[in-house]
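Contents: one structure, followed by commentary.
The values are calculated or read from the model by the stated rules, or taken from the named source; none is laboratory data. In this text, all values refer to a predicted model and were calculated from it rather than measured experimentally. Backbone-built Cβ (ideal geometry, glycine too); neighbour counts: all protein chains shown. The accessibility values were calculated without ligands, DNA or RNA, using every heavy atom of the protein model including side chains. Shrake-Rupley method; radii C 1.70, N 1.55, O 1.52, S 1.80 Å.
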Amino acid sequence: SGADAQVFPISMIHCGKSHDGQAVALQDAQGRQIPVAGQRSIAVVLEDVNGAEIEFLDNVIFSSEITQPILSYGRLMHAGWSICAESKCLRNGAFEIPVELQNHSLVVKGHVRAINSVAMPC
């Protein structure tokens, strides 16, 4: 999306690990305030056309007004990803992640992994 941040539904706030980032204020394209329920570090896993799993680690903002995860295309671009309209995919080098259209929005299929910190004995 054209969003500046990754924003996920509050129903997924149990995913990932706690992240106390900067306080953020979000607004939609019409300038309305979007409530922020918290932030967490998560891993989003997408599968490319050859079955390879690509994992994106990022800090995500959660909101009660979001119904499905929103990834920021700008953040993906900074990580080297581009959209290939011809093959309908996100591309980075040899990796191609299929994209679909839902109305006029791009959609990718993936899943969110929990990130856990485990203390190792010395």
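How about the stretch 4-116: which strands (runs of 3 or more DSSP E) wholly inside it have at least 3 residues that are exposed (fewer than 13 other Cβ atoms within 10 Å of the Cβ) and at pLDDT 90 or above?
none
Please list, ordered by first then second residue, the pairs with beta carbon atoms under 8 Å, 6 or more apart or interchain, first in the stretch 4-32 and touching a residue at least 24 places away in the same chain (Cβ under 8 Å), second among the charged types (D, E, K, R) and open to solvent by less than 80 Å² (accessible area, probe 1.4 Å).
Listed pairs, sorted by first residue: 6/58; 13/40; 15/40; 16/40; 17/40; 19/40.
Going through the stretch 6-39 one residue at a time, which ones are closer than 20 Å to residue 111 by Cβ and touching a helix residue (DSSP H, G or I) at 6+ places or on another chain (Cβ under 9 Å)?
Residue satisfying the conditions is 6 alone.
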